[in-house]
Amino acid sequence: MKCPECGFENKSDAKFCVNCGAELEKGVPKREYPIKVKIKTMEEKASRIELFVRIVYGFVLSIIAGIWGMLAFITAVIHWFYILVCGKKEESLWKFYLEYLRFVSKLDGYIYMLTDERPPITGADVEYPIKFSAIYEESASRLELFIRIVYGFVLSIIAGIWGFFAEIAAVIQWFYILIMAKRNDSLWNFIAGYMRYYFRLQGYVTLLTDERPPISGEEI
């Protein structure tokens with residue numbers, strides 16, 4: 001391993017440079033989490049009219065999300081058994097759930113007032129202030145199928161508690177926008193953090209990745 005400080009070639013398992021004593025692991029780029037939830041920087045100005053449009057438009061799109069979600073759940077169950085038997089992911093099943101989560105993440109971002117831009121009815125990777133993406137890897141762990149049940153359950157409890165407070169924050173944000181015609185930065189950041197955590201968890205639970213999600217709302 002080459003030292004990032006002095007260039008000395010050390011052994012591959014070395015943690016510190018023999019020549020200058022620098023920490024070698026700092027020079028090794030960390031592997032990024034395979035699921036990304038990108039949320040565009042907050043726009044302070046907000047529309048009072050959109051608060052009311054959102055109720056109707058969000059309701060209609062939530063019906064579509066509910067129907068799509070039932071099909072996505074069936075897909076996830078089929079995919080679970082496919083991985084159990086074959087020891088690998090099936091790309092078309094993987095993509096179906098990916099597109100569902102893309103759509104729902106946009107919808108939730110709109111409903112939670114992270115943006116006033118109305119979400120398109122599509123699971124395609126289009127330009128929008130909230131973007132969900134994942135890296136496909138064919139290999140999959142049969143063992144992780146069972147670990148996921150326990151680990152996912154624990155993290156879902158955290159998501160439930162966090163989500164409860166995020167909903168309260170959204171209600172407060174709604175009235176704040178109604179009165180001030182702008183978003184509150186602290187409320188927006190709290191909801192955005194929840195969104196990042198929740199959708200990374202969803203990607204793990206629904207077999208998009210075997211890599212366990214961090215318990216964090218930070219952008220990674």
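The values are calculated or read from the model by the stated rules, or taken from the named source; none is laboratory data. From a predicted model like this one, the values you see are computed outputs, not experimental measurements. As a convention, Cβ positions derive from the backbone with ideal geometry for all residues, glycine included, and neighbour counts pool all protein chains shown. Remember, those area values only see protein heavy atoms, side chains included, never the ligands or the DNA or RNA. Shrake-Rupley method; radii C 1.70, N 1.55, O 1.52, S 1.80 Å.
Within the stretch 142-155, is even one residue free of Cβ contacts under 8 Å to residues at least 40 places away in the same chain, on the phi < 0 side of the Ramachandran plot and of a type in the set (Phe, Trp, Tyr)?
Yes, there is a match, as at least one residue in the stretch 142-155 is free of Cβ contacts under 8 Å to residues at least 40 places away in the same chain, on the phi < 0 side of the Ramachandran plot and of a type in the set (Phe, Trp, Tyr).
From the residues in the stretch 115-130 that are open to solvent by less than 10 Å² (accessible area, probe 1.4 Å) and assigned to a loop (DSSP other than H, G, I, E, B), which one is farthest from TRP68 (Cα to Cα)? If you could, list the steps in order and put the result at the bottom.
As a first pass, look at the stretch 115-130 and keep what is open to solvent by less than 10 Å² (accessible area, probe 1.4 Å): 119, 123, 130.
Pick out the ones that are also assigned to a loop (DSSP other than H, G, I, E, B) and you get 119, 123.
Values: PRO119: 15, GLY123: 10 Å.
The residue in question is PRO119.
Do we have any residue at all in the stretch 55-72 that's surrounded by 16 or more Cβ atoms within 10 Å (Cβ to Cβ) and either more than 30 Å from MET113 (Cα to Cα) or at pLDDT below 95 (or both)?
no
Looking at the stretch 83-93, which of its residues are assigned to a helix (DSSP H, G or I) and either without any contact (Cβ under 8 Å) to a residue 12 or more places away in the chain or in contact with a helix residue (DSSP H, G or I) (Cβ under 7 Å, 6 or more places away or on another chain) (or both)? Explain how you work it out, then say what you get.
Filtering the stretch 83-93 down to residues assigned to a helix (DSSP H, G or I) leaves 83-86, 91-93.
Hits for the stretch 83-93 are ILE83, LEU84, VAL85, CYS86, SER92, LEU93.
It is to be established whether one or more residues within the stretch 52-64 are under 24 Å from TRP162 (Cα atoms), in contact (Cβ under 8 Å) with a residue 60 or more places away in the chain, out of contact with any Gly (no Cβ under 7 Å at 6 or more places or on another chain) and polar (S, T, N, Q).
no
Report the residue count in the stretch 52-95 for those that are among the hydroxyl-bearing types (Ser, Thr, Tyr) and closer than 16 Å to GLY123 by Cβ. Step through it out loud before you land on a result.
The initial filter retains those residues of the stretch 52-95 that are among the hydroxyl-bearing types (Ser, Thr, Tyr), namely 57, 62, 75, 82, 92.
Next, only the ones that are closer than 16 Å to GLY123 by Cβ stay: 62, 75, 92.
Looking only at that region, the number is 3.
For GLY160, indicate whether it is small (Gly, Ala, Ser), closer than 30 Å to ILE135 by Cβ and surrounded by 13 or more Cβ atoms within 10 Å (Cβ to Cβ). Break it down into steps so the answer makes sense when it comes.
Numbers: small (Gly, Ala, Ser): yes; closer than 30 Å to ILE135 by Cβ: yes; surrounded by 13 or more Cβ atoms within 10 Å (Cβ to Cβ): no.
The answer is no for GLY160.
Read through the list (1) of a type outside the set (Lys, Arg); (2) surrounded by 18 or more Cβ atoms within 10 Å (Cβ to Cβ); (3) not in a loop (DSSP other than H, G, I, E, B), then give the number of the only condition that THR209 fails.
Of (1) of a type outside the set (Lys, Arg); (2) surrounded by 18 or more Cβ atoms within 10 Å (Cβ to Cβ); (3) not in a loop (DSSP other than H, G, I, E, B), only one is false for THR209: (3).
Pick from the stretch 15-37 the residues that are among the aliphatic types (A, V, I, L, M) and at pLDDT below 75: which of them is surrounded by the fewest Cβ atoms within 10 Å (Cβ to Cβ)? So that I can check it myself, show each step before the final result.
Start the filter on the stretch 15-37 by keeping residues that are among the aliphatic types (A, V, I, L, M), which leaves 18, 22, 24, 28, 35, 37.
Those still in the list that are at pLDDT below 75 too: 18, 22, 24, 28.
Details: VAL18: 13, ALA22: 15, LEU24: 21, VAL28: 9.
Ranking the candidates gives VAL28 first.
Among (1) under 29 Å from TYR204 (Cβ atoms); (2) at pLDDT 95 or above, there is one condition LEU51 misses while meeting the rest; what is its number?
(1)
Which numbered condition in (1) open to solvent by less than 40 Å² (accessible area, probe 1.4 Å); (2) in a loop (DSSP other than H, G, I, E, B); (3) touching a Leu at 6+ places or on another chain (Cβ under 8 Å) is the only one that LEU101 fails?
(2)
Select from the stretch 42-72 the residues that are part of a helix (DSSP H, G or I) and not hydrophobic (A, V, I, L, M, F, W, C) and write down the one among them that is farthest from the chain's Cα centre (by Cα). Step through it out loud before you land on a result.
As a first pass, look at the stretch 42-72 and keep what is part of a helix (DSSP H, G or I): 48-72.
Those left that are additionally not hydrophobic (A, V, I, L, M, F, W, C): 48, 50, 54, 57-58, 62, 66, 69.
Details: ARG48: 28, GLU50: 25, ARG54: 22, TYR57: 23, GLY58: 20, SER62: 19, GLY66: 19, GLY69: 16 Å.
Ranking the candidates gives ARG48 first.
Considering the stretch 131-153 alone, what residues qualify as being closer than 30 Å to PHE59 by Cα, in a helix (DSSP H, G or I) and open to solvent by 10 Å² or more (accessible area, probe 1.4 Å)? It would help to see each step written out before you state the result.
In the first step, residues of the stretch 131-153 are kept if they are closer than 30 Å to PHE59 by Cα; the result is 131-134, 152-153.
Next cut, in a helix (DSSP H, G or I) only: 152-153.
Answer for the stretch 131-153, where residues must be closer than 30 Å to PHE59 by Cα, in a helix (DSSP H, G or I) and open to solvent by 10 Å² or more (accessible area, probe 1.4 Å): just PHE153.
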